[in-house]
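Worksheet: one structure, shown below.
The values are calculated or read from the model by the stated rules, or taken from the named source; none is laboratory data. The shown structure was predicted, so the numbers you read here are calculated from the model rather than taken from an experiment. Cβ placement follows ideal geometry from the backbone for every residue including glycine, while neighbour counts extend to all protein chains displayed.
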Amino acid sequence: MQPFVGMTIKELEAVAQENGERAYRGKQVAAWIYQRGATDIEMMSDLPKAFRTALAENYTVGLPEVAHRDSAPDETVKYLLRQADGQTIESVYLPYPDRVSVCLSSQIGCAAGCRFCATAQGGLMRNLTAGEILGQFLRMQADGARRISHVVYMGMGEPLWNYDATVKSLRLLGNEVGLSFRNLTVSTVGVVPGIRALAKEELPITLALSLHAPDDETREALIPTARKWKLDEILDACAEYVRNTHRNLTFEYLMIGGVNDRPEQARALAALLKSRKLPGNVNLIPFNYVETPQGFRRPERESVQQFREELEKAGRVATIRMTRGHAISAACGQLRRTVEPKLPKRPAAEIPLLLQTD
């Protein structure tokens, strides 16, 4: 059975014509799936019965199955979603007073190997299709009472290593679903060819760079794949993105106690971004507990505040990300492919200032 989710209006119009109907029937199918939340072909009541029957013989809406859902006291909901081939991914529903955001995965697992991330510990299984990426959004929208307005590609996987599916899903969210492109954010560890390609797509989305350190040595200790592209090359690609899109960047900075949270590192970060004349805010993300061989720990509150103050002294806007879903392991860096037990107590172990690399 071929899934409808992931098809554009033009592709659905072609399906209608192949089944002996006028092209506008494809637009009706698209409206049912992307606007009206249909989860089954039989729900599409303004389509002729014979057409619905014909479609059901070869097509399915194609939403993932909810294998498990877990809710946190802050109303964050983490979904374990099963794909048609049985593989599972996690996605997160994040309600705020003024908006609802969702965190989508782009791959089943991840090959980036980030030392601080639970997803990396399971390796990479495969890429998601555009329909499987979009299906996460549609499943959570069908399950929630409020309309989703914001999407971040910050779940499992590196979106720019699944470039074609990521870009198609972005266009579907903007064109077929009707979200504002300005409310879509793609996060990357710094895949230079992907950043340069995205700069040419004419998509007014936000690009978020997972920076995490102001120098290559520290960054490579945290993100092994950072050895492929040095900071100079990554920031050059980001500058090209800004020139082409006229969009500010977001610099994500995961703070790990004793590793990258010192005041001098904040000053070095501010100087680095200023030297490249790159606009955008720095989003400080205190480490969310994941069991690691290095025994990473969350930074002290005072360290986070001081880091922020140093950035602001240098004229850089800095925000501290609100931790959401930590109680159900749904916060940044905690997503896996299985139902996890309740979060264990954070270990007290310290880690050396300089990390060992492979």
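Is it fair to say GLU309 is farther than 21 Å from CYS238 by Cα and under 23 Å from the mean Cα position of the chain (by Cα)? Give the steps one after another, and end with the answer.
Values: farther than 21 Å from CYS238 by Cα: yes; under 23 Å from the mean Cα position of the chain (by Cα): no.
When the stated conditions are applied, GLU309 does not pass them.
Residue check: is ASP143 among the acidic types (Asp, Glu), without any contact (Cβ under 8 Å) to a residue 60 or more places away in the chain and more than 18 Å from THR225 (Cα to Cα)?
Spelling it out, it is not the case that ASP143 is among the acidic types (Asp, Glu), without any contact (Cβ under 8 Å) to a residue 60 or more places away in the chain and more than 18 Å from THR225 (Cα to Cα).
Return the only residue of GLU264, GLU310 being among the acidic types (Asp, Glu), in a helix (DSSP H, G or I), assigned by TED's automatic domain parsing to the domain that holds LEU207 and surrounded by 19 or more Cβ atoms within 10 Å (Cβ to Cβ).
Working: GLU264 fails: surrounded by 19 or more Cβ atoms within 10 Å (Cβ to Cβ).
Of the residues listed, the single one that is among the acidic types (Asp, Glu), in a helix (DSSP H, G or I), assigned by TED's automatic domain parsing to the domain that holds LEU207 and surrounded by 19 or more Cβ atoms within 10 Å (Cβ to Cβ) is GLU310.
Is it true that some residue in the range 61-70 is without any contact (Cβ under 8 Å) to a residue 60 or more places away in the chain, surrounded by 14 or more Cβ atoms within 10 Å (Cβ to Cβ) and under 16 Å from GLY6 (Cα atoms)?
Checking the range 61-70: at least one residue is without any contact (Cβ under 8 Å) to a residue 60 or more places away in the chain, surrounded by 14 or more Cβ atoms within 10 Å (Cβ to Cβ) and under 16 Å from GLY6 (Cα atoms).
Can you tell me which residues in the range 1-26 are surrounded by fewer than 16 Cβ atoms within 10 Å (Cβ to Cβ) and either modelled with pLDDT of 95 or more or not hydrophobic (A, V, I, L, M, F, W, C) (or both)? Lay out the reasoning, then the answer.
First, pick out the residues of the range 1-26 that are surrounded by fewer than 16 Cβ atoms within 10 Å (Cβ to Cβ): 1-2, 10-11, 14, 17-18, 20, 22-24.
Selection gives GLN2, LYS10, GLU11, ALA14, GLN17, GLU18, GLY20, ARG22, ALA23, TYR24.
Quick check, is VAL29 crowded, with 20+ Cβ neighbours inside 10 Å and under 21 Å from ARG171 (Cα atoms)? Steps first, please.
On the way: crowded, with 20+ Cβ neighbours inside 10 Å: yes; under 21 Å from ARG171 (Cα atoms): yes.
Answer is yes for this residue.
If ALA31 satisfies all but one of (1) closer than 21 Å to ILE148 by Cα; (2) part of a loop (DSSP other than H, G, I, E, B), what's the number of the condition it fails?
(2)
Kindly indicate which of ASP74, ASP70 is over 19 Å from GLU132 (Cβ atoms), part of a strand (DSSP E or B) and not β-branched (Val, Ile, Thr). Reasoning before the result, please.
Values: ASP74 fails: part of a strand (DSSP E or B).
Just one listed residue meets the conditions, ASP70.
Considering each residue of the range 108-151, count those that are within 27 Å of ARG298 (Cα to Cα) and of a type in the set (S, T, N, Q), and give that number.
Residues that pass the stated criteria total 2.
Please go through the range 64-81 and give me each residue that is over 19 Å from GLY37 (Cα atoms) and charged (D, E, K, R), ordered by number.
Selection gives ARG69, ASP70, ASP74, GLU75, LYS78.
Condition first: at pLDDT below 95 and farther than 18 Å from THR129 by Cβ. Now tell me which residues in the range 99-113 satisfy that.
Passing the criteria: ALA112, GLY113.
Going by the conditions given, is THR292 surrounded by fewer than 22 Cβ atoms within 10 Å (Cβ to Cβ), β-branched (Val, Ile, Thr), under 25 Å from the mean Cα position of the chain (by Cα) and over 29 Å from ARG196 (Cβ atoms)? Give the steps one after another, and end with the answer.
Numbers: surrounded by fewer than 22 Cβ atoms within 10 Å (Cβ to Cβ): yes; β-branched (Val, Ile, Thr): yes; under 25 Å from the mean Cα position of the chain (by Cα): yes; over 29 Å from ARG196 (Cβ atoms): yes.
Spelling it out, THR292 is indeed surrounded by fewer than 22 Cβ atoms within 10 Å (Cβ to Cβ), β-branched (Val, Ile, Thr), under 25 Å from the mean Cα position of the chain (by Cα) and over 29 Å from ARG196 (Cβ atoms).
Kindly indicate which of LEU231, LEU209, LEU235 is under 27 Å from PRO286 (Cα atoms), under 20 Å from the mean Cα position of the chain (by Cα) and touching a residue at least 24 places away in the same chain (Cβ under 8 Å). Break it down into steps so the answer makes sense when it comes.
On the way: LEU231 fails: under 20 Å from the mean Cα position of the chain (by Cα); LEU235 fails: under 20 Å from the mean Cα position of the chain (by Cα).
Result of the check over LEU231, LEU209, LEU235: LEU209.
Taking the range 209-254 only, how many residues are farther than 23 Å from VAL151 by Cα and in a loop (DSSP other than H, G, I, E, B)?
Result for the range 209-254: 7.
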